[in-house]
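Comments concern the structure below.
The values are calculated or read from the model by the stated rules, or taken from the named source; none is laboratory data. Just so it is clear, the model here is predicted, and its values are computed rather than measured. Using ideal geometry, Cβ is built from the backbone for each residue, glycine included, and neighbour counts are taken over all protein chains shown. Keep in mind that these areas ignore ligands, DNA and RNA; they rest on the heavy atoms of the full protein, side chains included. Shrake-Rupley method; radii C 1.70, N 1.55, O 1.52, S 1.80 Å.
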Amino acid sequence: MPKTSIIIPAYNAEEYIAETIQSILEQSFKDFELIIVDDGSTDGTAATIQTFDDPRIRYLHQANSGRPAAPRNRAIRVACGDVIFIFDSDDVMLPGKLQKTIDRLEEAPTAGLAFTGFCCIDESGHVINPDFLAPYHTLTGLPKQQVSEDSFLISAKDALKGLAASNYLGTSGVAIRREVFDHVGYFDEEVRNSDDFLMWQAVASQYDFLYIPGIYHQYRVRSGSISLRSIEERAPGLIACIEKMKVYHQGDSGSLALLDRKIGRYYFEAGYSYFSQYRMPEARRSFLKAMKMRLDRRTLFYFSLSLLPAGVLSQLKQLKTTFSS
């Protein structure tokens, strides 16, 4: 039985998945299986995967689910490894990632999840951010216990509290012990996005985290990624996910208040986007929901403006442009 399993959900990943697979096969640690679940691709993803003749690769195909949680869960259910590495189909695994993570997890038996640092690349593979997590104040400020020269243990309580503030884990940087899924469940297939963020909190509700700051994968920033879609498209899924996160923060009034402020912010941002497009009915509905979560002057101001006729708003916009030029 392989010691580890690497799981990759893939959908129309023909352009980059060969590079992803090659970067995994070139790892110095060899005792793994690579499970790729094709979520109903319509391009040459399957043909590209089949060009690799390696018995460690397991290819599974399913009808399109429209979200990564379903193929991830299918891969986890058939995985044989004691440690499961989560990876995306367009990211690149850097040398030493598997060996380093396995070694450090063996030194931290209370850690249910390990995560590493990473850099960002563009669609052409050029590095555009050499250390994505470096400016994350939440991660920097979390109490840590040094386990080795290059790894740090974060208690479950502190890891969970930090996640209420921000998602300081990169998905392809994460490895989770197989037994953890038996206790906390699998990725939530109901949420439209941020299923990974929700999973990290489920794990943190019961297990310590192990942080390995070294740069061990390249995260590819693509123009069509979910994170770059308009806020009014993303807001409903993000809000639904945050509502589910509250389950893990019961009893922590500070974290719950922080999550409510996030929900209010997403409602406001969606409302402002609608407002900018002169879609006033949608804008008003979003601003009203924002005010239920947090009543502030800015939201009230834009809600009031959204009540005005479109012609008046257009004139006000012209006046603003005139005075500011």
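Among the residues making up region 162-208, those that are farther than 20 Å from Thr101 by Cα, open to solvent by 30 Å² or more (accessible area, probe 1.4 Å) and acidic (Asp, Glu) are Asp182, Asp188, Glu189, Glu190.
Only residues in region 125-149 that are within 24 Å of Ser23 (Cα to Cα) count as the first member; pair them with residues that are open to solvent by 50 Å² or more (accessible area, probe 1.4 Å) and modelled with pLDDT of 95 or more, Cβ under 7 angstrom, at least 6 apart or cross-chain, and list the lot. Correct list of pairs: Asp131/Ile215; Phe132/Tyr219.
Of the residues making up region 84-109, those that are over 28 Å from Gly125 (Cβ atoms) and not in a helix (DSSP H, G or I) are Glu107, Ala108, Pro109. Checked against the criterion of being within 16 Å of Tyr186 (Cα to Cα), at pLDDT 95 or above and touching a strand residue (DSSP E or B) at 6+ places or on another chain (Cβ under 9 Å), region 45-55 has no qualifying residue. A residue that is β-branched (Val, Ile, Thr), surrounded by fewer than 22 Cβ atoms within 10 Å (Cβ to Cβ) and over 19 Å from Asp103 (Cβ atoms) cannot be found anywhere in region 209-219. Residue pairs whose Cβ atoms lie under 7 Å apart, sitting 6 or more positions apart in sequence or on different chains, and linking a residue in region 15-28 that is hydroxyl-bearing (Ser, Thr, Tyr) to a partner that is assigned to a helix (DSSP H, G or I) and modelled with pLDDT of 95 or more, are Ser28/Gln99. When Leu113 is tested against the conditions (1) at positive phi; (2) buried (at least 23 other Cβ atoms within 10 Å of the Cβ), the lone failure is (1).
For (1) touching a Phe, Trp or Tyr at 6+ places or on another chain (Cβ under 7 Å); (2) modelled with pLDDT of 95 or more; (3) open to solvent by 70 Å² or more (accessible area, probe 1.4 Å), each residue gets a yes or a no:
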position: Gly251; (1), (2), (3): no, no, yes
position: Leu256; (1), (2), (3): no, yes, no
position: Lys262; (1), (2), (3): no, no, no
position: Phe275; (1), (2), (3): yes, no, no
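Within region 9-62, the residues that satisfy the criterion of being part of a strand (DSSP E or B) and either over 20 Å from Arg222 (Cα atoms) or of a type in the set (Phe, Trp, Tyr) (or both) are Phe32, Glu33, Leu34, Ile35, Ile36, Val37, Ile57, Arg58, Tyr59, Leu60, His61, Gln62.
In the condition set (1) part of a strand (DSSP E or B); (2) open to solvent by less than 10 Å² (accessible area, probe 1.4 Å), Ala159 is compliant with all but (1). Asp31 meets the stated requirement of being open to solvent by 10 Å² or more (accessible area, probe 1.4 Å) and either more than 23 Å from the chain's Cα centre (by Cα) or under 26 Å from Glu179 (Cα atoms) (or both).
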